[in-house]
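Data first, discussion second: the structure below is written as structure tokens.
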Amino acid sequence: MDKSKRLFLKPKRSFRRRLPPIQSGDRIDYKNMSLISRFISEQGKILSRRVNRLTLKQQRLITIAIKQARILSSLPFLNNEKKIEKGESTARTTPTGLKTKKKLELFFN
């Protein structure tokens, strides 16, 4: 083959066999939190089948187990923990410019 034809061919990938994400002894159940937590993103979303490398049946069972765990409050529905810095004030200002907390203190004193 000359060089011009070789440019259009894709290089061969090395095939490395990975272990399946779910072993044969693992039970897909809402109580098995160590297994379920592997298939959830940091935001709390269920990862897709392509990312998980699961079969269709396994993905369905994982989805059902995650939803059951969410309903039973074992897992949060969303994980939107925003870190609040200590320097920030949580009191809102009113159109007059006074903070509502100060305004209430003036009203009740």
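Please treat every number below as a calculation from the coordinates, not as lab data. What you see is a predicted model; the values in this text were computed from it and never measured. Note that each Cβ is placed from the backbone with ideal geometry, even for glycine, and that neighbours are counted across all protein chains shown.
Side notes on the structure shown:
- Plainly put, segment 19-79 has a radius of gyration that is 0.93 times its Kirkwood radius, both from alpha-carbon atoms, as the Rg/Rh ratio.
- Charge tally in the Cβ shell below 9 Å around A65, where Lys, Arg are +1 and Asp, Glu are -1, A65 excluded: +1
- Inter-site label distance for Q68 and L56 at 7 Å from Cα along Cβ, in nm: 2.2 nm
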